[in-house]
1. Which of the aspartates and glutamates could a cross-linker bridge to LYS34, judged by Cα under 12 Å and excluding same-chain residues fewer than eight apart?
2. Along the charge dipole of the chain, which of VAL40, GLN67, LEU27 sits closest to the positive end, that is, farthest toward it, with unit charges on the beta carbon of Lys, Arg, Asp and Glu (+1, +1, -1, -1)?
3. Size of the dipole of the chain about the Cα centre, Lys and Arg at +1 and Asp and Glu at -1 on the beta carbon, nothing else charged, in debye to 20?
4. Using a 10 Å cut-off around each Cβ, can you sort TYR57, TYR23 from fewest to most neighbouring Cβ atoms?
5. Ranked by Cβ crowding within 10 angstrom, fewest neighbours first, how are PHE38, PHE2 ordered?
6. For Cα Rg over 2.2 N^0.38 Å, which listed value, [x] 1.31; [y] 1.64; [z] 1.08, comes from the coordinates shown?
7. If you rank VAL40, VAL22 by fewest surrounding Cβ atoms within 10 Å, what's the result?
8. At a Cα cut-off below 14 Å, give the aspartates and glutamates reachable from LYS73, other chains included and same-chain residues fewer than 8 away excluded.
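Values in this text are rule-based calculations from the coordinates and carry no lab data. As the structure is a prediction and not an experimental result, all values here were calculated from the model. Methodologically, a virtual Cβ is constructed for each residue, glycine included, from the backbone with ideal geometry; neighbour enumeration extends over all protein chains shown.
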Amino acid sequence: MFLSDLKKGDRGKILKIGGSGVYKRRLSDMGLLKGEIFTVKNIAPLGDPIEITIKDYNLSLRKNEAQNIEVEKIKEKNNEE
C-alpha cells in the first residue's frame, strides 16, 4: 500500500521510500523516514496535494511523491466489548 492510497484521518507507518538520489534525500530531510508514524490530515478535492502530520508538523506532498512512499495502515483499536 502507498501513502497515496490512504484516506483522510488514516494513520500509517512508513515502510519504504522509493526513488533515489536527490529526490529520496529531500523526502528524508523533511522527516519521511522508515518507521515514522503519520496521520493523513487532508486531501485536496482532486487528490493533489496530500497533507500529513508527521513529527508534530504538517507536510504537504504531491500525489506522485506519495505514490513512491510504501506504508502500512495502522488500524485503530476498538474499545467495543
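1. GLU70, GLU72
2. About the Cα centre, the residue reaching furthest to the positive side is LEU27.
3. Taking the Cα centre of the chain as origin, the dipole is about 280 debye.
4. By the 10 Å Cβ count, ascending, the order reads TYR57, TYR23.
5. Listing PHE38, PHE2 from fewest to most nearby Cβ atoms yields PHE2, PHE38.
6. Answer by label: [z].
7. Lowest to highest Cβ neighbour count: VAL22, VAL40.
8. Qualifying aspartates and glutamates at Cα under 14 Å: ASP5, ASP10, GLU36.
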